[in-house]
Each structure stands twice: as structure tokens, then as C-alpha cells.
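Single-structure report; data block below.
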Amino acid sequence: MKKIGILFGQENTFPQAFIDRINQKAPAGISAEFVNIEQVEQHVAPDYAVIIDRISQDVPFYRAYLKNAALMGTAVINNPFWWSADEKFFNNSLAVRLGVPVPKTLLLPSKERPADTSERSFRNLSMMDWEAAFQHIGFPAYMKPHSGGGWKSVYKLDSPDDFFRAYAETGQLVMLFQEAVDFTDYFRCYCIGGTEVLIMPYEPRNEPHLRYATEMKTTGEAGEKLLATMKDYVLKLNAGLGYDFNTVEFAVRDGIPIAIDFGNPAPDADINSVGEKNFEWVVEAAANMAIARAQAQKPGQDNLTWGTFVHPHRAQPTDTHFTVADAPAPKKRAAPKAAAAKPAAKPAAKAATAAKAAAPKAAPKKPAAKKSE
């Protein structure tokens, strides 16, 4: 029996619906349940072929548990190693590499020095030219943490004074300074399994429970082209990042979808916020993905999804053999060169002739033997 588990926190509607859907439709030999964790020991496999992770971003204990589970062969969704290294500034850089438009963005050093550092720790860092930065990014703009989510420590800036006031409040956070995008349409797109995409009109300026209560404004042929472009961008981003369960947000400016936020590997899936129709799609797509991953899972092997940035040409799993090298034989110490010249050990005439032939440059120097005594 292969088990699929879901690891979650405060959310209520999605976990139970996900479990119920798998148990309704899974073939024989596959079942689903809430993950149950008791004692966690290193290099001991948990009893799950697949785990859907919805909470480890907030609980370091769970993240360590999932990494050990992945090492032992569990297909963890999303990859806990990549998520630990992931951050928004790199994601934006990768998006540019993949040909996906993103807002102009600068990385800012933390306003306050990190603990246990001093001025000498920053001898490689030059003072920023703030005026040049303001001219490049422009106003209005946003300041947000380079790593994180949930709209924490996000500032809307309309002037340099706003910038410096907000920057003074950020402490040791490393921040992004990013242009604001004046959009005509906004979308939030689920991507599940790297293949299934749901594009949802979204209004981030509404109250949370009303953000999906909006309609797409671009219509006709332009609307169809916009939807096709966004789907292409969603698939490119998730293939590059290696996410199995993610959302991508686009702000549409002058008909061009600009990726605003696309590192949400535990995105909102509550029926009360996304709505019944979207909720049904997410539950079905997530259940189908989890069942397929359980069927493909091979115990003891790497069953994680790695993005093309990490594994452009991923090798197939192979057995690893370890060899302990033999200790090198001790080197024999060469006899001192002067030993042959001692009177007590006169060489035979034949050997002396051979020695002279081997070292012709030394032959004219007389008396060589006496010199070494």
C-alpha cells in the first residue's frame, strides 16, 4: 500500500477535500491521510510515498522532517531543498532568463547590519547612488522583502521621502526596490504538476474575500492572445523553478502580462476565498497529481521535482558505490649521495665508470669525494 499524506496548518477546507478525493478515485494500493509524525530519526523513512507540504515554510521542524523524508524516497511536493534556497530576487532574475517580463527591480542591502558584523564586514560594498536608483525605478514603487510572502513588510512608495521612511523601518531585512505596474487586468494562475494551469481574474486591491470576485477586462482576440501568453509564461516559470504546486500573478500593462509574484508553493486554496468553482479545480488537479506521483514513486530514490535551472539535463538515478583507497606505501629514503665517496666503501672500477657516465657534469670537479667529507 502506498500512502499519500498532507502536512498542513490552520487551513481547513482543502486538506480534507484533498484526502477525500484521493480515497474516492485512487486505484487499489493507494490511499490518503493526514500526515502523522511521532519520532523522527535520521535516515529512517516515513510511511508515505508522497507528501503534500502546506506548512513547512512556517515550521522549521517540519522542513527538516521533509528533507529527511525526501532523502529516503518520499516524493515531497514542493521540493523542500529548492524551497529552502528560493527567494524573490533570484526568481525575478530567472524569469528574465526565461523570457518572462517582470518589473524593474533592485536589491537593497539591509538598513541595519546583521548581528555579529561590523563596518569591516562590508568593505566590498559601496554606497548606493540613491538618486540614480530613484531615476531607474521611478515612483510610485514598492519595497518588499527579497525573501518571504504574505504581504509582510510591503510598502507602497510615492516619493524619496516615503522610501527613506520605509527603509528606516526594515531593520536587518534585505529588501527589493521595485517599480509599480499600473495594470488594466490582473490574474492569479494555479499551476499543478507542471502541466495543469487555471487562470483566474483577480483584484488584489479588494478585501481578501472579494479578490476573486472580478472579471477579465481584456476581451476578443486580444483576450485570447493574453490568456495563451500567460499560460506559456506560467509553464516556463514552473519548469524553471521546479514547482509542482504554485501560483503565478500577472499585472497586465499595455497588453503585456508582467509576472509580479510567482513563488507561492503553498498558495491559498480555501473554498471561502477562491470560490467553489476554482476550489473544485484545485482539489481535482492536486489529487490527480498526487496519485500519479505515488504510482511513479520508487522507494529509496530521488523522487523530487527539480527545475531546469538546477538540473538542465537530469541524470537517471544510479547506485552509488563507495571505495576506501589503500594507504600509499611509505617511500624509501634514498641513501645520501656522499656515501659512495667515503674511503671505507670504495666502489669497484666498473661501478665508478658507470657513475661518471650517469653524471658527466660532475666528473671534471676534483676532488669530488674529498669535498663531501
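Counting only protein heavy atoms, what percent of the accessible surface of segment 153-247 is carbon or sulfur at a 1.4 Å probe? All intermediate terms of the calculation are to be shown ahead of the outcome.
Working: 2210 of 4520 Å².
Result for segment 153-247: 49 percent of the exposed heavy-atom area is carbon or sulfur.
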**Asked** Long-range amide H contacts for Ile260: which residues qualify at under 5 Å (H placed 1.01 Å from N, peptide plane, sequence gap of 5 or more or a different chain)?
**Response** Glu249, Phe250, Ala251
**Asked** Quick one: Karplus J couplings for segment 14-19, per residue in order, coefficients 6.51, -1.76, 1.60, θ = phi - 60°, nearest Hz, x for Gly and Pro?
**Response** 5, x, 5, 5, 4, 4
**Asked** Taking the alpha-carbon set of segment 133-204, what are its Rg and Dmax in Å?
**Response** 15.1, 45
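Translational diffusion coefficient of segment 13-90 at 37 °C, 0.692 mPa s, Stokes-Einstein with Kirkwood Rh over Cα pairs, in µm²/s as a whole number.
Working: Rh = 13.8 Å.
Rounded, D is 238 µm²/s.
If contacts are Cα pairs under 8 angstrom and at least 6 residues apart, what is the relative contact order of segment 113-157 in percent? The partial results should precede the final answer.
Working: 20 pairs, mean separation 12.4, N = 45.
After rounding, I find 28 percent.
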**Request:** For each pair in Lys144/Lys277; Lys152/Lys217; Lys25/Lys236; Lys88/Lys152; Lys67/Lys88; Lys231/Lys277, compute the distance between the two Cα atoms and list the pairs where it is over 24 Å.
**Result:** Lys144/Lys277; Lys152/Lys217; Lys25/Lys236
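Ranking request for peptides 115-121, 75-81: highest mean number of other beta-carbon atoms within 10 Å first, then the rest in descending order. It would help to have the intermediate numbers written out before the result.
On the way: 115-121: 8.0, 75-81: 24.6.
Peptide ranking by packing, descending: 75-81, 115-121.
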**Request:** Project the alpha carbons of segment 185-303 onto their principal axes and report the range along each, largest first, in whole Å.
**Result:** 49, 29, 22
**Complete:** For segment 79-92, in residue order, the Karplus 3J(HN,Hα) values (coefficients 6.51, -1.76, 1.60; θ = phi - 60°; whole Hz; Gly and Pro = x) are 3, x, 6, 5, 4, 5, 9, 6, 7, 5, 5, 5, 4, 4
**Message:** Roughly how far apart, in whole Å, are the Cα centres of segment 23-93 and segment 125-198?
**Reply:** 30 Å
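The values are calculated or read from the model by the stated rules, or taken from the named source; none is laboratory data. From a predicted model like this one, the values you see are computed outputs, not experimental measurements. Here the Cβ is made from the backbone with ideal geometry for all residues, glycine too, and neighbour counts use every protein chain on show. These area figures cover heavy atoms from the full protein model, side chains too; ligands, DNA and RNA do not enter into them. Shrake-Rupley method; radii C 1.70, N 1.55, O 1.52, S 1.80 Å.
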